[in-house]
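Structure, as C-alpha cells:
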Amino acid sequence: MQITFEKLGFTYQPGTPLAFTALKDVSFTIAEHSYTAIVGHTGSGKSTLIQHLNGLLKPTTGTVQIGEQVITSATSNKDLNKLRRKVGYVFQFPEAQLFEETVLKDIEFAPLNFGYSPKEARQIAIEQAQAVQLPTDVWEKSPFELSGGQMRRVAIAGILAMKPEVLVLDEPTAGLDPQGSREIMSLFQRLHQEQGLTIVLVTHNMNDVADYADHVVVLEKGTVVGDGQPREIFADPQWLTDHHLGLPQTTAFAYQLQQRGFVFTEGLPLTEKQLAHELAMMLKGGNNQ
Amino acid sequence: MNKLLLGRYIHADSFVHKLDARAKLFLSFYFIVIIFLCNNWQTYTLLGILTLVSVVCSKIKLKFFWDGIRPLVWLIIFTVVLQLFFSSGGHVYWQWGIFRITSLGIENAIYIFCRFVLIVCMSTLLTLTTPPLQIADGMEALMKPLKKVKVPVDEIALMLSIALRFVPTLMDETTKIMNAQRSRGVNFEEGSLWHRAKMLVPLLIPLFVSSFNRAEDLAIAMEARGYRGGSHRTKYRQQVWHRNDTLVMMLFAVVTGLLIYLRK
Amino acid sequence: MGKIIEVKDLTFHYPDQKEPLFDQLSLSIERGQWVAIIGHNGSGKSTLVRIIDGLLAPQAGTIFVDGMPVTPENIWQIREKIGMVFQNPDNQFVSADVEGDVAFGMENLGLDRDVMKYRVDQALRKVNMEDFKGHDPSRLSGGQKQRVAIAGVLTLRPDVIIFDEATSMLDPEGRQDIIKLMTKLHKKGYTLISITHNIDEAAMADRVCVIDDGKIAADSSPAEIFAQEKELIAMGLDVPYSERLKDELLHNGIEVPHEYLTEKGMVDWLCKLHSKN
C-alpha cells in the first residue's frame, strides 16, 4: 500500500485565537514495503503528520492517499474507521493502552472490534503472541503483572492483531533498556522483511534510522526539508546540525575521520559494519602497496 | 472539558483581575447567598446592575460569559419550564390536567431564570479573572478557621493545587489513550448507549492505571523533597490584600443594605 | 575528602518476590565523586538509590550518609543532604508554576519567605531557567522540566544529587543539556550518582558501577568497564561506539588495541595507522 501526501496542511483549532498551523504544504510518498523514517526536532510536526496515516486527524487542506483511499477534510468518520484496520499505529509507550484481564484478551480486542468471531480472534491473538515472542506462561496472566518490556510486546501484538499493511511506530524503544531496545527493533525488522510490512518510524535515534530505514523524511516547522535515502540525508553533517538533528554514531565518527584526511568515495557510511569494511579496504590496501 | 473546568482564566489588566482571590471567592459565595434574598423586580434589577458593572470592569468579552452559560442551558430551561407549568397561585391563564400556567408561575419562572444567569455570570467572572492556583490559595485562606475543628486544611489545599497542576497532564493522557484505542477499532462517538458505555472501559482502566502510577511517583518525589505533611510548612506564594479589596467588600455591603430595603 | 555514602552488607527483599533483590551488597562513594550506575531494567538500580535516601527500608545492612546512619529518626536530615531527580519529568512537578515548584522543598523545611525568594532566583539562574519563573510546567519541554527539578534540588543545598534515569525520557537535545548541567554541578563539587542506560552519560562519570543479579558486578573507571564488551552485552547493556567498531574491524582482519579507547582516541589511532600506510 503506497501512501502519498499531497500539499497536506493541518491547523489545530482553526478559526480561534489559539489556531496553530502544525503542518503546511507537506508532499511526499511512502512506497509500498518501504521502511521510512520520519525525523525532526521536537515540535516539528512529526506526531501530527503520522496521525493522518490512520485517520486520527483529517487534513485541513490537501490530501493523503493511502492505497486506494483518498482522505480530505471532507472524509467521513466511517471511512476513517476502515483505514484504521490497514494502518497499525504503535504509540509512544503503547503499554499505556492495555486494559484487559489477560494478555490474550487484550491482544484480541482489536480483531473483535473489527468483527472477527471470538474463535478467530483468539486464533489471531495466539499467533501474534507468538510473533512477538511472548512466552506461553504469560498468556493468561494479567498484562499489568508483566515487566515493562513484556507489556510493550503485548501492546504491539494487540496492534499486529489487526493484520495491518502499514505499521506506524512512534519512538518504539522509549524507556526500554539497551537489550530491550535491540530486541524490539529486530522484531520490527523481521516483520518488515518476512511479511513485507510497510514501516513508518518516527524517532530521535539516528542509529536506528541508519540501521533500518531505506527512506528518510526530515520535517522542520511543519514542512518537509529533506526527503531521500539515508546516505543522501546523512551526507551533509553541517546541514543536519543546522536543523537540530544528530548524526548516526558511525556517520559522526566517519565525519571526524574525513576531516583528518580519510576519503569515503561512496559518501559517509551509516553503520559500523560498512565503516569497518571501508576502513579495512583502505588500511589493507595500503599494506599491499 | 478542559475549558469547562479550568483553562478558563483569561489574562487581562483589569480592576477585577487585580482583586485578591480571597475577596473574589468570598464575594462569589456571598453573591449566591444574597441573590436568594431577592423577591421582586427591583431587587433583581439591583443585582443585575451589580453583575453588569462587575463584568464591564473585568474587560472580558461577553462571549466568554455566554460560553459559561451554554453548557447549563438545558438545566436552566428545564427548571424554568418546571416553574412555569407546576407553580400554583395567582391568576390561572391556562390549565390542562396537572399542567397550568399562572401569573405567579410566570413570575417565578422569570426570577429563577434571572437567578441562574446572574449566578453563572458571577462565578464565571471569578474563574475568568483568577488563575486556578490563586483560587486554590484563596480557598485555603477561607478554610483556615476549619483548622480549629481539626480539618486538615493545609493538606486539602496542597491536594487541590496538585490536582490543578495535573489536569493538563491527564487531559493529554486521555487524548492519547483515546487515540490508541481508536486505532484498535474503538468508536467512541457512535453506537448504542450501552455500546458507548462499554467502550469507556478501555479508556478508564488505562487512565486509572496511569494515574495511580503517577501518584506513586509523585508521592516518592515529594517525600524525597522532604514533604511530611503537618503545619510546620511555610508558604512561598503569598496573597496581598489591597485597599481596593476592602472597597469592593464595602460596596457589596452597601448593595446588601439596599437590597433589604427594596425587598417586599 | 572522605566517604559521603557508605552502604554495608545491604539485604533487600520486595515482599511480593521470591528472591531477595540485594544480598549483602556493599558500596561506598567518595565526596565529590561522580558515580554512574548501570544495569538492565529490573536490576535494582532505582531501588538501591531509594534505600540510600531512606525511601525504602532494607531488611538488613547499614547505610551512612555523611557519617550519619540512615534511620527513621534522622531520615529528614538525610534527605536534606541528598537531592533526587527522577525519570519522568511530569511526575515530580508539584506546582502549577515553575517558581512554586522550585520552592516546594524549602516550604517543607519551613524556611522564611525571603530566604526562599532569594534561593529560588539563585537556583533558577544556575540552571538557566530564570526567564520561566511564572510559567506553567505543561508548556515546558522535557529538558526544561528536568532543569526546574534540578533547581528545586539545589535550593536545599544538598551534598549529593541522585539522577534516577533523569535523561531517559528526553529528546537528544534535552539529554545533552542535562548532561552538560551535570558536568557543571560535578565541577562545583557536588557528589553525583547517575543511574543511566546512556553510554555517553556514563562515560562522563569518574566511576561506573554495574549492577547485575543483585550484586555489584563491576566497579571501576569508565575506561576499564567499557573495555569489557562481551560482559556488558551479556548483561544486556550498551557498549561504547569505539568498542563496537573495534569488534567489526577485528572481523575484517584489522588488529586493534586491547585497551579502551574513547572515540577521539580511536580516531587518533586510526589516523596513525592510516598515515603509516
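If I filter the range C:77-117 down to residues being closer than 21 Å to B:Val240 by Cα and of a type in the set (Gly, Ala, Ser), which single residue comes out as modelled with the lowest pLDDT?
Result: C:Ala96.
Just to be sure before I move on: is B:Ser123 out of contact with any Leu (no Cβ under 7 Å at 6 or more places or on another chain), small (Gly, Ala, Ser) and surrounded by fewer than 14 Cβ atoms within 10 Å (Cβ to Cβ) in the structure I sent? Even if it seems obvious, please write down each step before you answer.
Numbers: out of contact with any Leu (no Cβ under 7 Å at 6 or more places or on another chain): yes; small (Gly, Ala, Ser): yes; surrounded by fewer than 14 Cβ atoms within 10 Å (Cβ to Cβ): no.
For B:Ser123, the condition - out of contact with any Leu (no Cβ under 7 Å at 6 or more places or on another chain), small (Gly, Ala, Ser) and surrounded by fewer than 14 Cβ atoms within 10 Å (Cβ to Cβ) - is not met.
Return yes or no: is B:Val16 more than 26 Å from B:Val240 (Cα to Cα) and part of a helix (DSSP H, G or I)?
So B:Val16 does not fit the description; no.
Give A:Ser27, A:Ser76 a once-over and let me know the one that is open to solvent by less than 70 Å² (accessible area, probe 1.4 Å), over 16 Å from the mean Cα position of the chain (by Cα), over 25 Å from C:Gly142 (Cβ atoms) and without any contact (Cβ under 8 Å) to a residue 12 or more places away in the chain.
A:Ser76
Take the residues in the range A:134-149 that are within 11 Å of chain C (Cβ to nearest Cβ) and open to solvent by 50 Å² or more (accessible area, probe 1.4 Å); name whichever of them is farthest from C:Asn41 (Cα to Cα).
Of everything passing the filter in the range A:134-149, A:Glu145 is farthest from C:Asn41 (Cα to Cα).
So which residues in the range A:156-184 are in a helix (DSSP H, G or I) and within 19 Å of B:Ala180 (Cβ to Cβ), if there are any at all?
A:Ile156, A:Ala157, A:Gly158, A:Ile159, A:Leu160, A:Ile184, listed by residue number.
Please state which one of B:Thr169, B:Thr175 is among the hydroxyl-bearing types (Ser, Thr, Tyr), part of a helix (DSSP H, G or I), without any contact (Cβ under 8 Å) to a residue 12 or more places away in the chain and out of contact with any Lys or Arg (no Cβ under 7 Å at 6 or more places or on another chain).
Within the list B:Thr169, B:Thr175, the selection yields B:Thr175.
Being away from chain B (no Cβ under 13 Å), buried (at least 17 other Cβ atoms within 10 Å of the Cβ) and not in a loop (DSSP other than H, G, I, E, B) is the requirement here; does A:Arg122 meet it? Show your work before the answer.
Values: away from chain B (no Cβ under 13 Å): yes; buried (at least 17 other Cβ atoms within 10 Å of the Cβ): yes; not in a loop (DSSP other than H, G, I, E, B): yes.
It is true that A:Arg122 is away from chain B (no Cβ under 13 Å), buried (at least 17 other Cβ atoms within 10 Å of the Cβ) and not in a loop (DSSP other than H, G, I, E, B).
Restrict the check to the range A:218-240 and report whether at least one residue is among the β-branched types (Val, Ile, Thr), assigned by TED's automatic domain parsing to the domain that holds A:Gly45 and within 26 Å of C:Asn198 (Cα to Cα). Break it down into steps so the answer makes sense when it comes.
Step one: list which residues in the range A:218-240 are among the β-branched types (Val, Ile, Thr), which gives A:218, A:223-225, A:233.
Now restrict to residues that are assigned by TED's automatic domain parsing to the domain that holds A:Gly45: A:218, A:223-225, A:233.
Okay, now just the ones that are also within 26 Å of C:Asn198 (Cα to Cα), so A:218, A:233.
Scanning the range A:218-240 turns up at least one residue that is among the β-branched types (Val, Ile, Thr), assigned by TED's automatic domain parsing to the domain that holds A:Gly45 and within 26 Å of C:Asn198 (Cα to Cα).
When you go through (1) surrounded by 16 or more Cβ atoms within 10 Å (Cβ to Cβ); (2) within 30 Å of A:Val87 (Cβ to Cβ); (3) more than 8 Å from chain A (Cβ to nearest Cβ); (4) not small (Gly, Ala, Ser) one by one for B:Lys198, which number turns out not to apply?
Of everything listed in (1) surrounded by 16 or more Cβ atoms within 10 Å (Cβ to Cβ); (2) within 30 Å of A:Val87 (Cβ to Cβ); (3) more than 8 Å from chain A (Cβ to nearest Cβ); (4) not small (Gly, Ala, Ser), B:Lys198 misses just condition (1).
Checking the structure you have, find out if any residue of the range C:205-224 is closer than 22 Å to A:Thr271 by Cβ, surrounded by 20 or more Cβ atoms within 10 Å (Cβ to Cβ) and touching a Ser or Thr at 6+ places or on another chain (Cβ under 7 Å).
no
Between residues in the range C:153-169 that are free of Cβ contacts under 8 Å to residues at least 40 places away in the same chain and residues that are of a type in the set (A, V, I, L, M, F, W, C), which pairs lie under 8 Å by C-beta distance while being six or more apart or on different chains?
So the pair list comes out as C:Thr167/C:Ile178; C:Thr167/C:Ile179.
What residue, of A:Thr42, A:Thr48, A:Thr16, is farther than 16 Å from A:Val225 by Cβ and assigned by TED's automatic domain parsing to the domain that holds A:His204?
A:Thr16
Return only the number of the condition from (1) out of contact with any strand residue (DSSP E or B) (no Cβ under 6 Å at 6 or more places or on another chain); (2) open to solvent by less than 10 Å² (accessible area, probe 1.4 Å); (3) within 12 Å of another protein chain (Cβ to nearest Cβ) that C:Val49 does not satisfy.
In the conditions (1) out of contact with any strand residue (DSSP E or B) (no Cβ under 6 Å at 6 or more places or on another chain); (2) open to solvent by less than 10 Å² (accessible area, probe 1.4 Å); (3) within 12 Å of another protein chain (Cβ to nearest Cβ), C:Val49 misses (1) alone.
Would you say B:Ile260 is more than 10 Å from chain A (Cβ to nearest Cβ), under 30 Å from B:Ala141 (Cβ atoms) and either open to solvent by less than 40 Å² (accessible area, probe 1.4 Å) or more than 28 Å from the chain's Cα centre (by Cα) (or both)?
Criteria not met by B:Ile260.
Go through A:Leu112, A:Leu104 for me and flag whichever is assigned by TED's automatic domain parsing to the domain that holds A:Lys221 and in contact (Cβ under 8 Å) with a residue 24 or more places away in the chain.
Numbers: A:Leu112 fails: in contact (Cβ under 8 Å) with a residue 24 or more places away in the chain.
A:Leu104 is the lone residue from the list that is assigned by TED's automatic domain parsing to the domain that holds A:Lys221 and in contact (Cβ under 8 Å) with a residue 24 or more places away in the chain.
Among the candidates A:Thr16, A:Thr42, A:Thr48, A:Thr63, which residue alone is β-branched (Val, Ile, Thr), open to solvent by 30 Å² or more (accessible area, probe 1.4 Å) and within 27 Å of A:Asn205 (Cβ to Cβ)?
Being β-branched (Val, Ile, Thr), open to solvent by 30 Å² or more (accessible area, probe 1.4 Å) and within 27 Å of A:Asn205 (Cβ to Cβ) holds for just one of A:Thr16, A:Thr42, A:Thr48, A:Thr63, which is A:Thr42.
Would you mention how many residues in the range B:90-139 are among the polar types (S, T, N, Q) and within 22 Å of B:Tyr44 (Cα to Cα)?
Qualifying residue count, the range B:90-139: 5.
Among B:Met159, B:Met222, B:Met249, which is more than 27 Å from the chain's Cα centre (by Cα) and more than 14 Å from chain A (Cβ to nearest Cβ)?
It is B:Met222.
Kindly establish whether B:Leu82 is open to solvent by 20 Å² or more (accessible area, probe 1.4 Å) and under 16 Å from B:Lys235 (Cβ atoms).
Numbers: open to solvent by 20 Å² or more (accessible area, probe 1.4 Å): yes; under 16 Å from B:Lys235 (Cβ atoms): no.
No: the conditions fail for B:Leu82.
Scan the range C:260-276 and report the pairs whose first residue is without any contact (Cβ under 8 Å) to a residue 24 or more places away in the chain and more than 8 Å from chain A (Cβ to nearest Cβ) and whose second residue is of a type in the set (Phe, Trp, Tyr) and assigned to a helix (DSSP H, G or I), with Cβ atoms within less than 7 Å and a gap of 6+ or a chain change.
Matching pairs, first to second residue: C:Leu261/C:Trp269.
Filter the range C:72-123 down to residues that are more than 7 Å from chain B (Cβ to nearest Cβ), touching a strand residue (DSSP E or B) at 6+ places or on another chain (Cβ under 9 Å) and open to solvent by 10 Å² or more (accessible area, probe 1.4 Å), then give me how many there are.
Result for the range C:72-123: 4.
Would you mind listing the strands (runs of 3 or more DSSP E) fully within the range A:185-274 where at least 3 residues are away from every other protein chain (no Cβ under 12 Å), open to solvent by less than 10 Å² (accessible area, probe 1.4 Å) and farther than 24 Å from C:His251 by Cα?
Working: elements: A:198-202, A:215-220, A:223-228.
Here the list reads A:198-202, A:215-220.
The values are calculated or read from the model by the stated rules, or taken from the named source; none is laboratory data. None of the values given here were measured: they were computed from a predicted structure. Using ideal geometry, Cβ is built from the backbone for each residue, glycine included, and neighbour counts are taken over all protein chains shown. These accessible areas exclude ligands, DNA and RNA; they are computed on the full protein's heavy atoms, side chains included. Shrake-Rupley method; radii C 1.70, N 1.55, O 1.52, S 1.80 Å.
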